[in-house]
Amino acid sequence: MASNPDENNKDPKSEVPPGKDDQMTAYVEKYVTRMCYGNDLRTTLTVEKNKKVDVLIAKKYTALNYLTHVDNPQNLVANLQLLHSRNANMLKGLYQVVNAKRNAFQAYDVYCKKVLRVKADMQKQRKCFDEFTGMNYHDLKKIILNSTIEVQEIREKTDLKSVELKKKRELIKASQKSMNNDIRVLSQIERDA
């Protein structure tokens, strides 16, 4: 390929204008020759590019022909029916998604109501076990603290009662011993008499 044809063409006004007719004719012929040469180069480039475009178009149509070639016309109908059913399924799914997005607030409200119903049912079931299961943390903590205080008071009272019972038991044992001694002494006196 030749270089750009515009490089060979110089502006005719930049050259010194000829003074005589022969020089003018030579100058015009030289300028026309340069223009013809530039036009020939451009024509050659255009023809080469058109050939490349024709080759690419031929490849494109060959590929399209290969892709759309169907051996059996019945398969085309079956394929079209399959594509139609798939398209219908996709449209149905898309329609459901669009409706779900439109009804998101209603769906969320319905979901919340359902969850609240389930939670209420679960709380009803828990109530049969004990009253502390559904209680919040702070109330439960207070009840546990009160219960531990009550347990300590009960233990203190129990300890006092156990000490009191021990004293009574010792007193009973002592009185029983003394009664046994008295019975022995009386039986001894009875034997002696």
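What length, rounded to one decimal in nm, is gained on full extension from Lys49 through to Tyr37, with 0.36 nm per residue of separation minus their alpha-carbon distance?
2.5 nm
Given q = 0.17, 0.20, 0.23, 0.29 Å⁻¹, what are the Debye log10 I(q)/I(0) values for region 137-193, with equal point scatterers placed on the Cα positions and solvent ignored?
Scattering profile of region 137-193, log10 relative to I(0): -0.71, -0.79, -0.86, -1.00.
For labels at Thr62 and Arg102 in the simple 7 Å Cα→Cβ model, what's the distance in nm?
5.1 nm
Please list, by residue number, everything in region 149-168 whose backbone N is under 15 Å from a paramagnetic label point 7 Å out along Cα→Cβ of Ser175.
Residues 165-168 qualify, since their backbone N sits under 15 Å from the label point.
Every read-out reported here was derived from the displayed coordinates using simple, explicitly stated rules and does not represent laboratory data. These numbers come from a predicted model, not from an experiment. With ideal geometry, Cβ positions are generated from the backbone for all residues, glycine too; neighbour counts draw on all protein chains shown.
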